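First the structure, in the form of structure tokens, and then the observations on it.
No lab work stands behind these numbers, since they all come straight from the coordinates. The shown structure was predicted, so the numbers you read here are calculated from the model rather than taken from an experiment. Glycine also receives a Cβ, built like all others from the backbone with ideal geometry; neighbour counts cover every protein chain displayed.
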Amino acid sequence: MTLTPAVAVQDLKKTYGKVDAVKGVSFEVQPGEVFGFLGPNGAGKTTTISMLCTLVNPTGGSASVAGHDVVGARDEVRRNIGLVFQDPTLDGYLSAEQNLRFHAELYGVPRHIVGDRIRQVMEMVALWDRKDAKVMTFSGGMKRRLEIARGLLHSPRVLFLDEPTVGLDPQTRAAIWGYINKLRLSEDITIFMTTHYMEEAEYCDRIAIIDHGEIVVVDSPEALKASVGKDRVQIHTGDDERAITALRQRFGIEATVNEGAVTFAVAAGEEFVPRLFAELGQPIRSVSVSRPSLDDVFMSYTGSTIRDAEADDKNAWMRAMVRR
Ligand SMILES: Nc1ncnc2c1ncn2[C@@H]1O[C@H](COP(=O)(O)OP(=O)(O)OP(=O)(O)O)[C@@H](O)[C@H]1O
């Protein structure tokens, strides 16, 4: 038996005037998966998620969510999805519980189960003891947790999270991920999320790397890291310039100075270290070898780091502003 994919996307496109925000992406998400879109600001993540949630009309291609077409069956799609977007849409003057009741009514959650369901989702994000407090008194992290609870209230098949932890401190981000992981165990749900944080992409079953409106590669974080095929070696030396020249001349390796250490990529890093000590001809004070990170994956598939890609996007935007 083949299951209907939770999300199926075929050559999906979105053009805003002259900007090709999404240039024909195709992928499938299986039921129960946590699937992430990883890419720098401006890569087209929000535009894609907005098309899947029926908030933006595609320019071309097709997509279905929980088996329903995002253009032809918008109401069915909406009934089957939960949304947590970057900008909070809670009513600060209402209590946490009132916000959820309002949403339950909007989504037609049957009256006789609303009370229990509200308690269940609020307990999941550890907010039940704050149910009567006005949302305006909540911290950013509490609001995001409440939004996740609200997104789950009507038991959606697919939960869409657009940058669920952006702007939150590391501790709160870790807590949000704790809730998301708990959620996978307790609810029969598929999670589709976007992020530009490498550490977050690690939590996903599979990720699609998206850059300039195109999917560059889709796979599990482990498989992607293995595909880079090289380890990262960092050495502390007495003279970085000389070490870099020696690496180039003796091994044909291009190294750079990164985080205060001479850094380069090489296959089977641990086996390379003894050769390095024997043949470099320069004093080495310390050495570390690490497996490739998702940063290295992004770099190897796109040719730049995610931070540099974001800086370029910001610069392009600033140039456009200056030209106006
Ligand atoms: N409503 C719009 N009108 C015009 N251009 C848009 C609109 N929405 C997005 N864009 C452009 O489409 C491109 C993709 O934007 P999108 O918001 O999807 O990227 P993103 O990867 O989600 O980045 P971020 O994380 O910053 O939201 C960008 O160049 C953006 O300026």
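One table, with the values for the structure above:
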| item | result |
| --- | --- |
| Where Rh is the Kirkwood radius over Cα pairs, Rg/Rh for the chain | 1.06 |
| Reach of LYS131 by Cα under 19 Å, taken over lysines that are not fewer than 8 positions away in the same chain | LYS143 |
| Value of [θ]222 nm, deg cm²/dmol, for the chain, DSSP H segments ≥ 4, -39500 (n - 2.57) each, nearest 500 | -12000 deg cm²/dmol |
| Mean Cα-pair separation over length for the chain, i.e. relative contact order, pairs under 8 Å, 6 or more apart, % | 19 |
| GNM top mover of LEU90, LEU294, LEU159 - the chain, alpha-carbon springs below 10 Å | LEU90 |
| Cross-link partners of LYS230 among aspartates and glutamates (Cα-Cα below 15 Å; sequence separation of 8 or more within a chain) | GLU222, GLU254, GLU270, GLU271, ASP295, ASP296 |
| Label-point separation in nm, SER293 to TYR107, each point 7 Å along Cα→Cβ | 3.6 |
| Where Rh is the Kirkwood radius over Cα pairs, Rg/Rh for segment 232-276 | 0.92 |
| Over segment 96-215: Rg over Rh, Cα atoms, Kirkwood Rh | 0.98 |
| Value in Å of the Kirkwood radius, where segment 123-282 supplies the Cα pairs that are averaged | 19.5 |
| Residues GLU214 and LYS182, FRET efficiency given R0 of 25 Å [Cβ-Cβ distance, rounded to 0.05] | 0.15 |
| Choice from ASP219, ASP129, ASP188 with maximal GNM fluctuation in the chain (Cα, 10 Å cutoff) | ASP129 |
| Space enclosed by the convex hull of the alpha-carbon atoms of segment 183-253, per residue, Å³ | 162 |
| Descending Cα extents along the principal axes, segment 6-64, whole Å | 37, 24, 18 |
| Extended-chain gain in nm, criterion 0.36 nm per residue less alpha-carbon gap, ARG307 and ARG285 | 5.0 nm |
| Residues SER95 and ASP69, FRET efficiency given R0 of 35 Å [Cβ-Cβ distance, rounded to 0.05] | 0.40 |
| Calculated FRET efficiency for the pair THR4/LEU55, C-beta based, R₀ 22 Å, to 0.05 | 0.45 |
| Residue of THR245, THR305, THR195 that the Gaussian network model of the chain assigns the largest fluctuation, springs spanning Cα pairs under 10 Å | THR245 |
| Sorted by Cβ neighbour density within 10 Å, fewest at the top, the residues GLU214, GLU147, GLU259 | GLU259, GLU214, GLU147 |
| Cross-link reach list, lysines versus LYS18, counting only Cα pairs under 22 Å and skipping chain neighbours closer than eight places | LYS45, LYS314 |
